[in-house]
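One structure below.
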Amino acid sequence: MLLCANPRAQYLSHKGAIDAAVLSVFEKGIYIKGEEVTRFEAEFAAYTGVKFGVGVGNGTDALRIALGACGVGAGDEVITVSHTAVATVSAIEQAGATPVFVDIRAEDFVMDVAQVEGAVTSRTRAVVAVHLYGQAVDLEPLLALCKRRGIRLVEDCAQAHGALYGGRRVGSYGDAAAFSFYPTKNLGAIGDGGIVVTNDEAIAHRARLAREYGWATRYVSDVAGGNSRLDEVQAAILRVKLPHLDRDNEKRRRIAEYYREKLGDEGVLLPQERGGVRHVYHLYVVRSPKRDALAEQFKKHDIQAAIHYPMPVHAQPAYAGRIRTAAPLAVTEAVAKDILSLPMYPELTDAEAEHVVAAIRAAR
Ligand SMILES: *Cc1c(COP(=O)(O)O)cnc(C)c1O
């Protein structure tokens with residue numbers, strides 16, 4: 001079956017270097033908080049264009065810890081979107097805060113920044129901007145608003161490693177940013193992993209305390225904390241892959257270009273790259289009024305028919321009826337019914353991309 005994402009193909013394309021890196025960690029005998037993690041934190045922070053990186057156990061924890069380190073907690077409201085991985089909302093609630101939803105824009109699936117001001121109350125402490133599918137939220141007006149109203153900006157970059165906004169990497173704009181290294185992400189581990197990045201030394205310090213029992217010094221908890229560490233094996237794998245990230249993103253962009261060329265007249269609405277951003281196509285999501293028929297054709301052609309996401313967070317049983325929406329979520333609800341994710345990963349071959357195009361043509 002042709003998969004939507006294919007982390008095994010990523011492993012195979014770097015197999016020799018990954019195997020060697022993993023074995024060298026096994027041999028060294030330091031499995032938690034050794035030099036692989038320290039080096040990766042510095043390398044990833046430098047890549048993103050920020051001063052500090054704090055490796056953690058996964059992307060959800062990265063977001064929760066970033067929010068806490070920015071002073072977000074009980075009684076605070078955090079504005080975000082409902083059209084996102086549930087992890088975004090889960091992290092806000094785990095930080096003790098209350099999520100508040102605004103709608104997305106039909107053009108690019110990301111937060112409608114124009115709605116944020118109307119969602120702000122005296123309790124608003126932060127905005128979580130989700131750079132969904134690999135394209136940046138419109139950060140400039142959002143940053144200006146956050147500064148003016150004294151609100152923290154935390155970027156959810158779990159789908160946007162390497163994406164650019166105004167020539168700078170996403171993750172370098174907010175007070176802090178969270179990345180996930182879940183295996184299918186643009187930079188993926190072979191297991192779980194995540195990182196908090198920031199230019200603010202105090203935020204980095206608080207994130208470091210939060211990831212390990214509140215320790216500034218070993219065995220002495222300054223604050224009450226938990227445990228969410230990135231491990232040496234995953235850091236070693238990420239260090240092998242990071243130097244290939246830009247090239248891999250370039251491959252994703254070429255596949256997107258191919259889809260755009262071939263699918264322009266096939267009755268599906270294609271994703272657009274806005275001016276001033278560099279989309280890194282974590283996912284290539286099309287819209288079609290005949291989405292379910294399209295998904296059927298995918299199945300017939302042995303292609304995975306993935307939907308990101310079939311149900312907005314505010315409609316899911318765990319959240320329904322209890323999350324404040326600052327504006328009607330009309331676009332959020334409309335896209336859930338007509339989106340489909342095409343196969344998209346750096347190792348996707350030309351023949352496979354052609355096969356996807358054939359399946360879409362067969363659905364006309
Ligand atoms: C993957 C993802 C996360 C969570 O990452 P995990 O490592 O799976 O915890 C958060 N936000 C978004 C938008 C994601 O896609």
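The values are calculated or read from the model by the stated rules, or taken from the named source; none is laboratory data. Everything numeric in this text was worked out from a predicted model, so none of it was measured. Cβ: placed from backbone, ideal geometry, glycine included. Neighbour counts: every protein chain shown.
Assorted remarks:
- Selected residue (criterion: surrounded by the most Cβ atoms within 10 Å (Cβ to Cβ)) from residues of segment 195-212 that are out of contact with any Phe, Trp or Tyr (no Cβ under 6 Å at 6 or more places or on another chain) and closer than 30 Å to LEU23 by Cβ: VAL196
- The set of residues in segment 187-210 that are more than 14 Å from the ligand (Cβ to nearest atom) and touching a strand residue (DSSP E or B) at 6+ places or on another chain (Cβ under 9 Å) comprises VAL197, THR198, ASN199, ASP200, GLU201, ILE203, ALA204, HIS205, ALA207, ARG208, LEU209, ALA210.
- Scanning segment 152-168 for residues that are buried (at least 23 other Cβ atoms within 10 Å of the Cβ) and more than 12 Å from the ligand (Cβ to nearest atom) returns GLY162, ALA163, TYR165.
- The residue that is surrounded by the fewest Cβ atoms within 10 Å (Cβ to Cβ), counting only those in segment 87-116 that are within 15 Å of the ligand (Cβ to nearest atom) and part of a loop (DSSP other than H, G, I, E, B), is ASP108.
- On the stretch given as segment 117-137, residues that are in a strand (DSSP E or B) and aliphatic (A, V, I, L, M) total 5.
- Looking across segment 117-137, the residues that are in contact with a strand residue (DSSP E or B) (Cβ under 8 Å, 6 or more places away or on another chain), more than 16 Å from the ligand (Cβ to nearest atom) and either among the hydroxyl-bearing types (Ser, Thr, Tyr) or over 11 Å from ILE79 (Cβ atoms) (or both) come down to THR121, THR124.
- Among the residues of segment 143-151, none qualifies, meaning not one is closer than 24 Å to PHE181 by Cα and at pLDDT 95 or above.
- Screening ARG254 against (1) out of contact with any Leu (no Cβ under 9 Å at 6 or more places or on another chain); (2) modelled with pLDDT under 95 leaves a single unmet condition, (2).
Conditions tested, residue by residue: (1) closer than 18 Å to THR98 by Cβ; (2) surrounded by fewer than 20 Cβ atoms within 10 Å (Cβ to Cβ); (3) not assigned by TED's automatic domain parsing to the domain that holds ARG253.
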site	(1), (2), (3)
TYR281	no, no, no
LYS290	no, yes, no
LYS300	no, yes, no
GLN304	no, yes, no
PRO312	yes, no, no
ARG322	yes, yes, no
